[in-house]
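*Asks:* Below is the structure I would like to discuss, written out as structure tokens.
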Amino acid sequence: MTQGILVINSGSSSVKFALFSDDGLSEPKPLFKGQIEGLGTDPCFQVKDSNGRKIDARDEWPRGSTLNHTGALRYILSWLEDCASNVKIQAAGHRIVHGGLDYEHAVRIDKHVLEDLEGLIPLAPLHQPHNLAAIRALAEVAPKMPQVACFDTAFHRTQPRVAQLFPLPRALAEAGVRRYGFHGLSYEYIAHCLPDVLPDADKVVVAHLGSGASMCALLDGKSIESSMGFTAVDGLPMGTRCGGIDPGVILHLVQNLGYDAKAIEKLMYKESGLLGVSGVSNDMRDLETSDNPHAAEAVDLFVYHIGKYLGMLTSALQGIDALVFTAGIGENSPIIRERVCQRAAWLGIRLDREANRKGGPCISTPDSPVSAWVIPTNEELMIALHVRNVLQLG
């Protein structure tokens, strides 16, 4: 019987999962990766094997189904029991967006941890409730299964205090109004890879470019600065999120244009970014092929802000050895990578266009003073490693 670790990433209308085998010695090995999406509306299920081949896809629920997180996890566990009967799931790990200031490492979930994480819901209202819903659901479906919380904010707790503070009254900082940083599991995975890929690179900027996008400065593999701050809406413009804007814009919306908190939240999280500027799509693939001038402007804005934050993060590092692209756009868009590298020529990045077209991993020329790389992220593996370490499996 093979020992396994289940990884769960739960959203508002989906439950994504991955199953790893774990012998306790080598890195956990992926077996399956899948999801149930469309919860509460039109659920559908699909799963792929470790080579990315679709091996099952089902649409067993009627449109308008009330399938929730509990039902989804019950279905996933039943499927795994049938189709991976030789794997004994030892534990589950969850991606949790916000761990606040107290959770600097992954932890086993108990009643007190869950209460603490519920208290952080106001800091991540669009993510945290759904992350926690999966914890409760799994506890109901498989009450004896140990569960581990793995935080997107934990990796950034190594940032110097000055990088975590806002220039606001001290009482607000003590109340938790600080810069937390996000996408930490992705950055932690890249840092995990760097000793093998770039053993001599001490100062690295990582660009996690996807529907959610951010950048991080790594010094000797540790986060010292990031583009995201108090919330995951800060920093770069994203698929539908605005990124950093002048706080005075919010005051103007409230005082002069009649916006309330809910309207502002919807505007900043769901109506802005690439979608808002282009009026076409939040998907970079659509924008790159569109002949709409607004789509081109959205791409221009995205590239401009990446370049701006690259300069800021290089300053925080006081130099740069390498730039790493990761996540959906970073891994799959040679156009964006080329444009970012061209804007960064002043830093010493010399792009190898053919290597970039092929997707790397190294996309800079041999004589480039600063190298550029494409490294696919693997947050699921990072969570599996945390589960193993927290529970001392193997």
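We did not get these values from a lab; they are worked out from the coordinates using the rules stated. Predicted model, so just to flag it, every value in this text is computed and none were measured. Using ideal geometry, Cβ is built from the backbone for each residue, glycine included, and neighbour counts are taken over all protein chains shown.
*Asks:* Using the Kirkwood formula over every pair of different C-alpha atoms, what hydrodynamic radius in Å results for the stretch 199-379? Don't skip to the end; give the middle numbers.
*Replies:* On the way: mean 1/r = 0.0593 Å⁻¹.
Here the Kirkwood hydrodynamic radius works out to 16.9 Å.
*Asks:* May I have the count of lysine pairs in the stretch 199-379 with C-alpha atoms under 28 Å apart, counting pairs 8 or more residues apart or located on different chains?
*Replies:* For the stretch 199-379, the number of qualifying lysine pairs is 8.
*Asks:* Just to compare against my own numbers: the Cα pair-distance distribution for the stretch 343-394, 5 Å bins, whole % per bin, please.
*Replies:* Per 5 Å bin, starting at zero, the Cα-Cα P(r) for the stretch 343-394 comes out as 5, 19, 17, 13, 9, 8, 11, 10, 7, 1 percent.
*Asks:* Ratio of alpha-carbon Rg to the 2.2 N^0.38 Å globular estimate for the stretch 154-244, to two decimals, please.
*Replies:* Against the compact-globule rule of thumb, the ratio is 1.12.
*Asks:* While we're looking at this one, here's another question. Would you mind getting me the FRET efficiency between residue 290 and residue 265? Use the beta-carbon distance for r and R0 = 30 Å, nearest 0.05.
*Replies:* FRET efficiency, residue 290 to residue 265: 0.60.
*Asks:* Then there's this: If each residue of separation counts as 0.36 nm, what is the full-extension length gain between residue 256 and residue 2 once their alpha-carbon separation is subtracted?
*Replies:* Roughly 85.2 nm would be gained on extension.
*Asks:* DSSP loop GluC sites (Glu not before Pro) in the stretch 77-120 with at most 15 other Cβ atoms within 10 Å of their Cβ, which ones?
*Replies:* 104
*Asks:* Which ordering of 36, 224 is given by a fewest-first count of other beta-carbon atoms within 10 Å?
*Replies:* By the 10 Å Cβ count, ascending, the order reads 224, 36.
*Asks:* Using only C-alpha atoms and all pairs of different ones, pull out the Kirkwood radius for the chain in Å with one decimal.
*Replies:* Values: mean 1/r = 0.0454 Å⁻¹.
Hydrodynamic radius (Kirkwood, Cα only) of the chain equals 22.0 Å.
*Asks:* Next question. Where does the chain land at 222 nm, in deg cm²/dmol rounded to the nearest 500, when only DSSP H runs of n ≥ 4 count, each adding -39500 (n - 2.57), divided by all residues?
*Replies:* Computed mean residue ellipticity for the chain: -11500 deg cm²/dmol.
*Asks:* Once the convex hull of the C-alpha atoms of the stretch 61-113 is built, how many Å³ does it hold per residue, rounded to a whole number?
*Replies:* On the way: hull volume 7.0 nm³, N = 53.
With only Cα atoms used, the stretch 61-113 gives 133 Å³ per residue.
*Asks:* Hey, can you grab everything whose amide H is under 5 Å from the amide H of residue 225? Only 5+ residues off in sequence or another chain; H modelled, so Pro and N-termini drop out.
*Replies:* 217
*Asks:* Considering the zone a paramagnetic label at residue 136 would reach in this model (a point 7 Å from Cα along the Cα-to-Cβ line), which residues of the stretch 11-55 have amide N under 19 Å from it?
*Replies:* 11-16, 39-41
*Asks:* Restricting things to Cα coordinates, could you compute the convex hull volume per residue of the stretch 2-151 in Å³?
*Replies:* 112
*Asks:* What ranking do 302, 182 get, fewest neighbouring Cβ atoms within 10 angstrom at the top? Spell out each step's value before the answer.
*Replies:* Numbers: 302 27, 182 30.
In increasing order of surrounding Cβ atoms, one gets 302, 182.
*Asks:* Once you keep just the Cα pairs under 8 angstrom separated by 6 or more residues, what percentage relative contact order results for the chain?
*Replies:* About 14 percent, as a whole number.
*Asks:* What distance in nm separates the two pseudo spin-label positions at residue 200 and residue 246, each 7 Å out from Cα along the beta-carbon direction?
*Replies:* 4.6
*Asks:* What distance in nm separates the simple spin-label points at residue 114 and residue 297, each placed 7 Å from Cα in the Cβ direction?
*Replies:* So the label points at residue 114 and residue 297 sit 4.9 nm apart.
*Asks:* Could you put 47, 206, 254 in order, starting from the residue whose Cβ has the fewest other Cβ atoms within 10 Å?
*Replies:* The order, fewest Cβ neighbours first, is 254, 47, 206.
*Asks:* With viscosity set to 0.890 mPa s at 25 °C, what whole-number translational diffusion coefficient in µm²/s follows for the stretch 170-294 from Stokes-Einstein and a Kirkwood radius over Cα pairs? Don't skip to the end; give the middle numbers.
*Replies:* Working: Rh = 16.5 Å.
The diffusion coefficient I find is 149 µm²/s.
*Asks:* A follow-up question, please. Find the relative contact order for the stretch 241-324 and round it to a whole percent, using C-alpha pairs within less than 8 Å whose residues are 6+ positions apart.
*Replies:* 20
*Asks:* Modelling each spin label as a point 7 Å along the Cα-to-Cβ direction, I'd like the residue 222/residue 44 distance in nm, to one decimal.
*Replies:* Distance between the two pseudo-spin positions: 4.6 nm.
*Asks:* If you don't mind, another one. Around residue 223, with a cut-off of 10 angstrom between Cβ atoms, what is the net charge of the other residues, counting Lys and Arg +1 and Asp and Glu -1?
*Replies:* 0
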